[in-house]
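K.L.:
For reference, the structure I am asking about is given below.
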Amino acid sequence: MDIQTTSLGNGAVPANAAKPPTVASAQEHQSSNVLILTPSLTLTLDDSVLTIAGIDKTATKAAKRAHRNCGIGLPARGRSRRSIDYYNVLWAEVTEDRKHLRIDYAEQTDDHYLEAQHLLFSLPLLPTGEVDNSILETVKSWLEILLDRSYGSSARRKRAWVVVNPHAGPGGADKIWRKQVKPIFDAARMPMTVVRTTYSGEAVKLAQELNIDDFDIAVPCSGDGLPHEVFNGLGQRPDARRALSKIAVCHIPCGSGNAMSCNLYGTHRPTLAALAIVKGLPTPLDLISVTQGTKRTLSFLSQALGMIADLDITTEHLRWMGPHRFTYGFLVLALQKKVYPCDIAIKAEIEHKDGVKEHYRKQVTQKGPSQSPQQSDDDDDGDQGLPPLKYGTATDKLPEGWELVPHEKLGSFYCGNMAYMAPDANFFAAALSNDGLMDLVMTDGDIPVLKNIGLQLAMDSGHFFDSPLVTYRKVSAYRIIPRIPDAKCCISIDGEAFPWEPFQAEVHQGLGLTLSKKGLYEAPGPLNWDKVTTTERLLA
């Protein structure tokens, strides 16, 4: 284990800083949104962007390379006006020498990549070589408005506990962290403690021992396995409920699935995810208790048995292929048409797809984005462990009202807490971060190969949810008992292999905490979820 701690203060001033303008020109025509540094250099806070006019004589060389949709855009030839989206502004301050204004931002250099860059402007000087205090106050007030617009409800300078798995996915996570992500966090002035794991499961122990009062967010740099370890480490603490509600577990995608990043930030690109974390909003997250025997595990993503689990676990040796391992594995398994006989008991809350779609619509349009749970210092549950199990474990008597139903030709049992399980794999279109329900998908194993392939292609077109081959329900708990022992089969919890044995699951609403771009998942939801049906129109 390797630990490194950094805390970035004010940025250094480059040697080639622009020649400062005069104090007289800077004091004219100031307003709360407009900062005039010289008659030819104006910084304006517009509705959604910072507009800079006359930047050519004062901007750093790096800024002049900026282009594309985000970051800073090059103007048409002969004009010197450009803009930076507030979302891309990382930090802004008066430098330590009190003579310069520095703006750090994320520059989009191509469709999937951001770089941390900065602009440096000289402030007007008095004949003594110093900056007038009134000018400093004007600049600082303007900077505060800029930062308010850039961060909105998101906390600034989040204290980050970064956990890097150097062996994640196809490898290279440490390089991704150092070269792509850390510069963005540095530019956002985020204090960081960096830990590099050396063996599988180490992050569980590290999260158990973490001083949670020193940090705001945990940032695993890996596939989905490391967030799973962090959630379970926090969940095994004596103060589990406080830890899980205080530390927002985020994700820098460095693996082959990267589902967590896809759902929260709408991307599996590390630099885009890094910016989304910098600007992220606290979002309560449902967590699921999965029990096998006496063992209790927290799941944040999914639980699978059957073809999907085999697809995830049996392609572990193909991590070097990245996400293409799943495509290859699916084609191999689809040809086998294997079935997994099981007995299943489900605590269903919404049985039919129309009801699921209506639930999704109400949650998104009426409830809106989730808000961060408020926890008082004197909360009676603040130092308690995990919530008690409402339905017991798989070894207990079947809860009242539950019925075990035999499924002779089960192909896949797939229960999810997030929509995307990998880029372009939107299995759970109606998933919500904090509705207190799990989304359950079931398919038969004797589906003809061509129909099975068509079913997978339906995910790309968004028609998977509506396919008649798919059973889709919202559930709060379930028990599943594999009927036939099979040493070659396995159960997948958040992509991790578990024994082929009976297990039970129940959801805990808002037990965990994460950051998202807008307080909701980035998935688009079921097709036409926002359209009024004929029945609804007639009853209106």
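K.L.:
Could you please put THR267, THR198 in sequence from largest to smallest accessible area, using a 1.4 Å probe?
P.N.:
Ranked list, largest accessible area first: THR198, THR267.
K.L.:
Give me the distance in nm between label points sitting 7 Å out from Cα along the Cα-to-Cβ direction at GLU351 and LYS140, one decimal.
P.N.:
Placing both labels 7 Å beyond Cα along the Cβ direction yields 6.6 nm.
K.L.:
Per residue, what accessible area does region 414-534 have, given a 1.4 Å probe and all protein chains present, in Å²? Before the final figure, lay out the partial values.
P.N.:
Numbers: 4470 Å² over 121 residues.
About 37 Å² of surface per residue is accessible.
K.L.:
Same structure again: Suppose R0 equals 22 Å. What FRET efficiency, 1/(1 + (r/R0)^6) with r the Cβ-Cβ distance, do GLU358 and ILE453 give to the nearest 0.05? Show your work: numbers first, answer last.
P.N.:
Numbers: r = 31 Å, r/R0 = 1.40.
Calculated value: 0.10.
K.L.:
Just to verify a number: what accessible area does LEU143 come out at with the full protein assembly present, 1.4 Å probe, Å² rounded to tens?
P.N.:
10 Å²
K.L.:
Can you classify region 170-298 as rounded, prolate or oblate using the Cα gyration tensor, where a ≥ b ≥ c are the square roots of its eigenvalues, rounded means a/c under 1.5, and otherwise it's prolate if a/b beats b/c and oblate if not? Write down the numbers at each step before the final one.
P.N.:
Working: a/c = 1.60, a/b = 1.44, b/c = 1.11.
In terms of gyration-tensor shape, prolate.
K.L.:
Please give the length that would be gained between SER48 and GLU408 if that part of the chain were fully extended, namely 0.36 nm times their separation in residues minus their C-alpha to C-alpha distance (nm, one decimal).
P.N.:
On the way: separation 360, 0.36 × 360 = 129.60 nm, distance 5.67 nm.
That works out to 123.9 nm of additional length.
K.L.:
For region 105-218, what is the accessible area per residue in Å² when the probe is 1.4 Å? Can you show the working numbers first?
P.N.:
Numbers: 4590 Å² over 114 residues.
Accessible area per residue: 40 Å².
K.L.:
Which links in LYS353/LYS451; LYS353/LYS531; LYS158/LYS295; LYS158/LYS179; LYS390/LYS517 stretch past 23 Å when you go from one Cα to the other? Provide the component values of the computation, followed by the final result.
P.N.:
On the way: LYS353/LYS451 20 Å; LYS353/LYS531 14 Å; LYS158/LYS295 34 Å; LYS158/LYS179 20 Å; LYS390/LYS517 32 Å.
Going by Cα-Cα distance, LYS158/LYS295; LYS390/LYS517 fall outside the 23 Å limit.
K.L.:
At 1.4 Å probe size, with the rest of the protein present, what percent of the exposed accessible area of region 134-269 is carbon and sulfur atoms? Mind dumping the intermediate values first?
P.N.:
Details: 2030 of 4300 Å².
Summing carbon and sulfur atoms, their accessible area is 47 percent of the total for region 134-269.
K.L.:
Would you mind calculating the gained length between ARG156 and GLU209 on full extension (0.36 nm times residue separation, minus the Cα-Cα distance), in nm to one decimal?
P.N.:
Values: separation 53, 0.36 × 53 = 19.08 nm, distance 2.55 nm.
Length gained between ARG156 and GLU209: 16.5 nm.
K.L.:
So what does ASP132 come to for accessible area, using a 1.4 Å probe and Å² rounded to 10?
P.N.:
40 Å²
K.L.:
What percentages make up the Cα-Cα pair-distance distribution of region 194-255 when the bins are 5 Å wide from 0?
P.N.:
Histogram of Cα-Cα distances, whole percents per bin: 4, 20, 34, 26, 13, 3, 0.
K.L.:
Also, quick follow-up: For a Förster distance of 41 Å, can you work out the FRET efficiency between the beta-carbons of HIS112 and VAL34, rounded to the nearest 0.05?
P.N.:
Details: r = 34 Å, r/R0 = 0.84.
Efficiency for this residue pair is about 0.75.
K.L.:
If you roll a 1.4 angstrom probe over the protein chains with everything in place, what fraction of the accessible area of region 386-524 belongs to carbon and sulfur, to the nearest %?
P.N.:
On the way: 3120 of 5620 Å².
Answer for region 386-524: carbon and sulfur cover 55 percent of the accessible area.
K.L.:
If you rank LYS390, LYS99 by how much accessible surface each has, with a 1.4 Å probe, what is the order from largest down? Walk me through the numbers on the way to the answer.
P.N.:
Values: LYS390 155, LYS99 70 Å².
The most accessible residue leads, giving LYS390, LYS99.
K.L.:
Sorting TYR199, TYR521 by accessible area (1.4 Å probe), largest first, what list results? Show your work: numbers first, answer last.
P.N.:
Details: TYR199 120, TYR521 20 Å².
The residues order as TYR199, TYR521, largest area first.
K.L.:
Let me ask something else. What accessible surface, in Å², does a 1.4 Å probe find on ILE481, ignoring ligands, DNA and RNA and rounding to the nearest 10?
P.N.:
Around 50 Å² of this residue is reachable by solvent.
K.L.:
While we're on this one: When a/c reaches 1.5 or more, the comparison of a/b and b/c decides; with that in mind, is region 436-533 rounded, prolate or oblate per its Cα gyration tensor?
P.N.:
Working: a/c = 2.00, a/b = 1.15, b/c = 1.75.
Oblate.
The values are calculated or read from the model by the stated rules, or taken from the named source; none is laboratory data. Every value quoted in this text rests on a predicted model; they were computed, and no experiment measured them. So basically every Cβ, Gly included, is an ideal-geometry build from the backbone, and we count neighbours across all protein chains shown. Ligands, DNA and RNA are stripped out before the accessible areas are found, and what is left, the full protein with its side chains, is counted by its heavy atoms. Shrake-Rupley method; radii C 1.70, N 1.55, O 1.52, S 1.80 Å.
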